[in-house]
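Written out below as structure tokens is the structure these notes cover.
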Amino acid sequence: MAPDTSSDPLSFAIALTDFATTVPDDRLWVVCLCAEWCGACREYRPLFEQVAREHPKFRFAWVDIEDHAEIADDFDVETFPTILIAGEAGTRFLGPLLPHAETLARLLDALQPAQALVPAVATLLGALQREPLAFSVGGR
């Protein structure tokens, strides 16, 4: 079971990292593929953090596609924010999403079975596993 860190976003990022390094974790990743220059992404970040606190059965990450081009370029993101929901079993969702907390929360509550894991998703998930602090949500 994941640690309870619902009260503080920074604690959430640190505890998630500590937990991920000590216990195998099969929770799905919810990844926002964004860009620092994007105003919609900057406005969405606190809402994304809110959804992260409210959905502890998932792991959340914020990936700036320019800062992390080596793992994000293959996604060809054209619309922001773009959300990836995936795990070891495969991809559950990949696409642009309206930047509203309620929209993401509804999506998480209605997930369908995974699709086959493609190489770009496998590369991104590997990077998240190796360096979770570099992509933390709420712990800038």
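No value in this document is a laboratory result; all are computed from the given coordinates. Worth saying up front: this structure is predicted, and the values here are computed from it rather than measured. All Cβ positions, even for glycine, are placed from backbone atoms using ideal geometry, and neighbour counts span all protein chains on display.
Within the stretch 74-87, being surrounded by fewer than 13 Cβ atoms within 10 Å (Cβ to Cβ) and over 16 Å from CYS41 (Cβ atoms) holds for one residue alone: ASP76. Taken together, the residues in the stretch 97-110 that are within 21 Å of VAL77 (Cβ to Cβ) and either of a type in the set (A, V, I, L, M, F, W, C) or in contact with a Lys or Arg (Cβ under 8 Å, 6 or more places away or on another chain) (or both) amount to 6. Does at least one position in the stretch 64-71 carry a residue that is over 19 Å from PRO132 (Cα atoms), in contact (Cβ under 8 Å) with a residue 12 or more places away in the chain and not in a helix (DSSP H, G or I)? No, every residue in the stretch 64-71 fails to be over 19 Å from PRO132 (Cα atoms), in contact (Cβ under 8 Å) with a residue 12 or more places away in the chain and not in a helix (DSSP H, G or I).
Residue count for the stretch 82-112, restricted to those that are in contact (Cβ under 8 Å) with a residue 12 or more places away in the chain and not in a helix (DSSP H, G or I): 20.
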